[in-house]
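Enquirer: I have a structure I would like to understand better, so I am pasting it below and will then ask my questions one at a time.
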Amino acid sequence: MRTRETMTISLPHEMVREVDEVRKREHRTRSELIRDALRVYFGTARALPVYAPTGRERREIEKGREEMRRGEYVTADVLFSHLGRPHRKARPGSGRTRTARRARAAPRRA
C-alpha cells in the first residue's frame, strides 16, 4: 500500500528558479521543500482570521488604486524622508521653553 501520491503542478519559471535556489542552499529535494511550504500554509491559513472590508473601505481602497494609476502617490523613501524632518520651524529665541524660563527665574531653596 502506497503512503504517498504523486501530484503534478505547474509554476511560473521564476518561482521554479526560486524553489531550486532554496532547495540547493538547504540541500533538500523539491518535494521536501513544497511539502514544508504546504504544511506552513495549511497551519497558518486556518489560524488567520478572514476580514471582509466594509462598503466604505472597499470604496476607499478603489479610490487609492485610482490615485496610484494616475501617479498620485509618494514612495516610502520620500515619505520617510519627510517624516524625519521637523514639521514646523522653531520659534526664534533662546530655545528654552516657558517652563524652563520660569524655573530659572524662581529662587532656589537650600
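Every number here is computed from the coordinates shown, using simple stated rules; none is lab data. Just so you know, these numbers come straight off a predicted model, no measurement behind them.
Enquirer: Between Leu38 and Thr75, what length in nm is gained on full extension when 0.36 nm per residue of separation is reduced by their alpha carbon distance?
Expert: 10.0 nm
Enquirer: How much length would be gained if the chain were fully extended between His82 and Thr8, taking 0.36 nm per residue of separation minus their Cα-Cα distance, in nm to one decimal?
Expert: 21.7 nm
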